[in-house]
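**Q** Supplied in structure tokens, the structure appears directly below.
The values are calculated or read from the model by the stated rules, or taken from the named source; none is laboratory data. Keep in mind that this is a model prediction, so the values were computed, not measured. No Cβ is skipped: glycine too gets one built from the backbone with ideal geometry, and neighbour counts run over all protein chains shown.
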Amino acid sequence: MSTASNERLKSFLWSTGSFLLIFVVWDLGVRAFKVPAYLLPSPLAVFVAIIEHWRTLGIHTLWTTGTILAGFLAAIVVAVPLAMLIVVSPTLGRLIYPPMVATQAIPKIALAPLFIVWFGFGLMPKVAVAFLIAFFPIVIDTIVGLRNIDPGMIQLARSMGAPPHRVFLRLRLPNALPMIFGGLKVASALAVVGALTGEFVGSDKGLGYVLLQASGNLNTTLLFATLVVLSVVAMIFFYAVELIERILIPWHVSQRAHPS
Amino acid sequence: MNAFIRADKVCKTFATRDGSPTLAVDHVDLHIDGAEFVSLLGPSGCGKSTLLSLVAGLIQPSSGGVEVGGAQVKAPYTNVGIVFQSDLLLDWRTVLGNVLVQFEMRGEDPRPHEARARQLIASVGLAGFESKYPWELSGGMRQRVSICRALIHEPPLLLMDEPFGALDALTREQMQVDLQRIWQSSRKTVIFVTHSISEAVFLSDRVVVMTPRPGKIREVMRIDLPRPRAIDVRDTPEFAAYVRHINKLFQEMGVIH
């Protein structure tokens, strides 16, 4: 067995172990101090609740996942070309950049009620919030990545007679990929926050809605169950982006050694 | 006879951060023949790299003119191979891919050149490393790849800007011997920027000694040592005399105290 896969197995065992430890401490604590279930249910009760409500949780998970995915993908589709435009044309950059930063100065949660006025109670306003919150780190990191190239490399390319579009596609873009993925990973976590925010403000679907319902009914066990499902969704989402990163840029320094 | 490279009264002024202009290259006249190995030697910041960029057409002179192969250099001169101190290899490409990037950046199909690229890589002692990535190589090996990239399209002119400056002393000596061999077999014109006196004397047909900023030519010395020069040529009295003379020049200019 190679040392790399050995390392990966070890890191998997460690993370599994740390979660198990948390559950054990949680369970013992609840038993020892006789904490009532409406404050803190035991992990076993949460697990049972997930099984019990799997149909409800499943439907709402699908709904929220769709929102996250739509917002995240829309953010990529808009942010990456916009960043390219800003880097390629300084004039356009000066025009676009300040209002773009201004949109980030407004707290996104404050925009959610407006989006409901604009887009109604459907999927759209939630996707819009997820999009808006995920969009910014992708733009910023893509800009930094595209600009962050050794000036000597550009000189070398010019001495090879390379036209600007070739320099951009063959040098700047691949060189920026590690930074872009950094932005995507941050955005993947923020898209979850955005989707939830949208659902909190006005929704009858999604895990955010289930959370509010459970809270209103003091059903703390269901609340925890929803939180666990939500965390799992967010983690799967994050690691999916990381997996794509590993496949696309195996050459980058961040991919060579895996921290355990 | 017409020189391959002619710099006539070349001046280059840069705007500094506070807006005041700085003269980096001051009335440089330099003629270099085809297949000649010329070093530009001077202290840091003396404008020798600027002069190299002027020859490459990467920057334009403030006054005066540069001709390469009989034509005025008005834009980046592309019939050239350039090696910088930093190897500038692309992390996402293999050794072979990094050499062939020369053709891709020119919009040419690299595939017909692959066999020759492999030969070239082998000739600098990197046979078997063709599919390795830059981060799997040592600094000396990386710089060898970058030299291959500068040679693969067989340009008549090779510009080298302190190419061995980042290498350890032993690797550096080996690279100098190898570069001499490559130059002797390919007969290219080489302009080699360095601040190492012994490196300049060892490699060059002529050494151009430059003054501190603003960079002027202080003296052009012809190095009459037989080729090929072995590493122990440094122990000969002739070699020592050249080094001593250049040292004396730098002392007069206040570069060495």
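**Q** Give the residue, chosen from B:SER49, B:SER53, that is under 24 Å from B:PHE164 (Cα atoms) and without any contact (Cβ under 8 Å) to a residue 12 or more places away in the chain.
**A** B:SER53
The rows are residues; the columns are (1) more than 30 Å from A:PHE224 (Cβ to Cβ); (2) surrounded by fewer than 17 Cβ atoms within 10 Å (Cβ to Cβ).
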{"position": "A:SER18", "(1), (2)": "no, yes"}
{"position": "A:HIS60", "(1), (2)": "no, no"}
{"position": "A:LEU82", "(1), (2)": "yes, no"}
{"position": "A:ALA102", "(1), (2)": "yes, yes"}
{"position": "A:ILE106", "(1), (2)": "yes, yes"}
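**Q** Of the residues A:ILE133, A:ILE180, A:ILE138, A:ILE154, which is hydrophobic (A, V, I, L, M, F, W, C), buried (at least 16 other Cβ atoms within 10 Å of the Cβ), within 14 Å of chain B (Cβ to nearest Cβ) and within 30 Å of A:LEU62 (Cα to Cα)?
**A** A:ILE180
**Q** The conditions are (1) of a type in the set (A, V, I, L, M, F, W, C); (2) buried (at least 18 other Cβ atoms within 10 Å of the Cβ); (3) within 14 Å of another protein chain (Cβ to nearest Cβ); (4) assigned to a helix (DSSP H, G or I), and A:LEU169 fails exactly one of them. Which is it?
**A** Of (1) of a type in the set (A, V, I, L, M, F, W, C); (2) buried (at least 18 other Cβ atoms within 10 Å of the Cβ); (3) within 14 Å of another protein chain (Cβ to nearest Cβ); (4) assigned to a helix (DSSP H, G or I), only one is false for A:LEU169: (2).
**Q** Any idea which of (1) more than 13 Å from the chain's Cα centre (by Cα); (2) in contact (Cβ under 8 Å) with a residue 60 or more places away in the chain; (3) over 30 Å from A:ILE50 (Cβ atoms) is the one A:MET100 doesn't satisfy?
**A** Failing condition for A:MET100: (2).
**Q** Something else about it: Of all residues being of a type in the set (Ser, Thr, Tyr) and modelled with pLDDT under 95 in the range B:35-49, which is surrounded by the fewest Cβ atoms within 10 Å (Cβ to Cβ)? Just the residue, please.
**A** B:SER44
**Q** Answer with yes or no whether A:THR67 is surrounded by 12 or more Cβ atoms within 10 Å (Cβ to Cβ), touching a residue at least 60 places away in the same chain (Cβ under 8 Å), touching a Lys or Arg at 6+ places or on another chain (Cβ under 6 Å) and in a helix (DSSP H, G or I).
**A** Taking the combined requirement at face value, the residue satisfies it.
**Q** Only one residue in B:LEU249, B:LEU203 is out of contact with any Pro (no Cβ under 9 Å at 6 or more places or on another chain), among the aliphatic types (A, V, I, L, M) and outside the structural domain of B:LYS9 (by TED's automatic domain parsing), so which one is that?
**A** Answer to the selection: B:LEU249.
**Q** Of these, B:SER39, B:SER20, which one is within 28 Å of B:GLN176 (Cβ to Cβ) and either hydroxyl-bearing (Ser, Thr, Tyr) or not assigned by TED's automatic domain parsing to the domain that holds B:THR194 (or both)?
**A** Only one candidate qualifies: B:SER39.
**Q** When you scan the range B:29-138 for strands (runs of 3 or more DSSP E) that lie fully inside it, which ones turn up with 2 or more residues that are of a type in the set (Gly, Ala, Ser), more than 11 Å from chain A (Cβ to nearest Cβ) and on the phi < 0 side of the Ramachandran plot? Outline the logic, then answer.
**A** On the way: elements: B:37-41, B:63-68, B:80-83.
Where strands (runs of 3 or more DSSP E) fall fully within the range B:29-138 and carry at least 2 residues being of a type in the set (Gly, Ala, Ser), more than 11 Å from chain A (Cβ to nearest Cβ) and on the phi < 0 side of the Ramachandran plot, they are B:63-68.
**Q** Within the range A:29-38, identify whether any single residue is crowded, with 17+ Cβ neighbours inside 10 Å and of a type outside the set (S, T, N, Q), and answer yes or no.
**A** yes
**Q** Enumerate the helices (runs of 4 or more DSSP H) found wholly within the range A:204-260, keeping only those where 2 or more residues are within 17 Å of A:PRO43 (Cα to Cα), of a type in the set (Ser, Thr, Tyr) and within 19 Å of the chain's Cα centre (by Cα).
**A** Filter on the range A:204-260 gives A:220-248.
**Q** Right, something else. Give the residues of the range B:18-28 that are at pLDDT 90 or above and either of a type in the set (Asp, Glu) or not in a strand (DSSP E or B) (or both), sorted by residue number.
**A** B:ASP26, the sole residue that qualifies.
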